[in-house]
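Before any comments, here is the structure.
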Amino acid sequence: MSLSRLQTATDILKQRTRAYEAQAYQAHRGMALGDAGASQPLALGASAVDHCLEGGLVCGGLHEVRSALARDIGAAAGFALGLAARALEADRSGRSGVVWVSDPATRVDGGGLFPAGLTQYGLDPSSMTIVEPGDLQGAMWAADEAAGCNGLAALIFQIKGNPARFDITATRRLMMRARGSGVLALILRQSGEEEASAAATRWRVNTEMSGADDSLERGVGAMRLSLTLERNRAGRTGQWLLAWNPKVRSFNHAAPHPASNRVSGANPPAHSLDRLPAPANRRDSSGQMGQVLDRRQDFGRVS
């Protein structure tokens, strides 16, 4: 990236963050924003998950969402976007806007955001600031700047794998910036393994088969994902099968797809739908989280 283009991207990002801060100030003039720890937890909508989290995710902190395989990045991105949509819906001091920062290595096999897919999560593409720096160092800087923006609802920082530069010190710095501003900061780790970080929770997302459409025969129904809470500072973990409900912009518990039992020839499992055991053999399927990522579309980007 040339020096002139880098300066232009820097100016645009600063203007966006100042605009978000101004909106928050106008909404609550004369009132302190307060510490992030005093804010209400962000509920996902699925009762068992929220109970495990003691009400929901802590805003003003750092959380990690990862997909072990590149083919599951659509489901992981869908989960992160669902959380961002929930953060926008919540009444949190007039906060607005979502900043999506991506490591350039993620674009090779992860693609980019698709505007029509964003609408499934109740997100207006114009409310999102897409930042695509030329290297990981620039992406880390942009994520730190966005995490410190008081008027921002959520930050999603997409990285690939486990780069050595993005170590526990870098995640701790990101966590401290988010704690001071109250931003919901999410690390979206594509094709990444478990590693130590300052994140309060770490989630692994796998793609699952969608259900049937209630209004269209043989149509594709609600988007589903297998969600595993691998790490939780509150102590409790678990695994659930969830579906995104675009009408109410919330996650719901979902029943297993009937085809998964027919293919394996096994009897239906005798366990609660609120908490599912890890599947013995995962099957890949396409399009289960909707078309959130698309390689062909570019919009609203800061390059």
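The values are calculated or read from the model by the stated rules, or taken from the named source; none is laboratory data. Note that the structure is a prediction, hence the values are computed from the model and not measured. So basically every Cβ, Gly included, is an ideal-geometry build from the backbone, and we count neighbours across all protein chains shown. What goes into the accessible areas is simple: the full protein's heavy atoms, side chains included, and nothing from ligands, DNA or RNA. Shrake-Rupley method; radii C 1.70, N 1.55, O 1.52, S 1.80 Å.
What to note about this one:
- Summed side-chain charge close to Arg249 - residues other than Arg249 whose Cβ falls under 13 Å, Lys, Arg +1, Asp, Glu -1: 0
- Solvent-accessible surface (1.4 angstrom probe) belonging to Arg233, in square angstrom, nearest 10: 130 Å²
- Amide H partners (placed H, <5 Å) of Ala212, local residues excluded: Gly221
- Rg/Rh for the stretch 175-216, where both radii come from Cα atoms and Rh is the Kirkwood radius: 1.18
- Counted by Cβ distance under 9 Å from Leu229, the other residues give a net charge of +3, where Lys and Arg count +1 and Asp and Glu count -1.
- These residues, Asp50, Asp214, Asp124, Asp109, go from largest to smallest accessible area, 1.4 Å probe, as Asp214, Asp124, Asp109, Asp50.
- Gyration tensor (alpha-carbon) shape descriptor, the stretch 80-210, a/c threshold 1.5: rounded
- Segment Arg173-Ala212, length gained on full extension (0.36 nm per residue, minus Cα span): 9.7 nm
- Reported to the nearest whole Å, the Cα centre-to-centre distance from the stretch 212-249 to the stretch 60-127 is 15.
- Percent carbon-and-sulfur accessible area, the stretch 89-170, ignoring ligands, DNA and RNA, probe 1.4 Å: 50 percent
- D (Stokes-Einstein, µm²/s), Kirkwood Cα radius, the stretch 36-142, 1.567 mPa s at 4 °C: 85 µm²/s
- Each residue of the stretch 155-160 was assigned a 3J(HN,Hα) from its phi angle through the Karplus curve 6.51 cos²θ - 1.76 cosθ + 1.60 (θ = phi - 60°); the sequence is 10, 10, 10, 8, 10, 10 Hz, with glycine and proline shown as x.
- Between Ala185 and Gly60, Gly61, His63, Leu155, the built amide H atoms are under 5 Å apart, and every one of these is 5 or more places off in sequence or on another chain.
- Amide H contacts under 5 Å for Val131, placed H, 5+ residues apart: Trp100, Val101, Ser102, Val302
- Each Lys or Arg adds one and each Asp or Glu takes one away; over the other residues whose Cβ falls under 10 Å from the Cβ of Glu64, this sums to +2.
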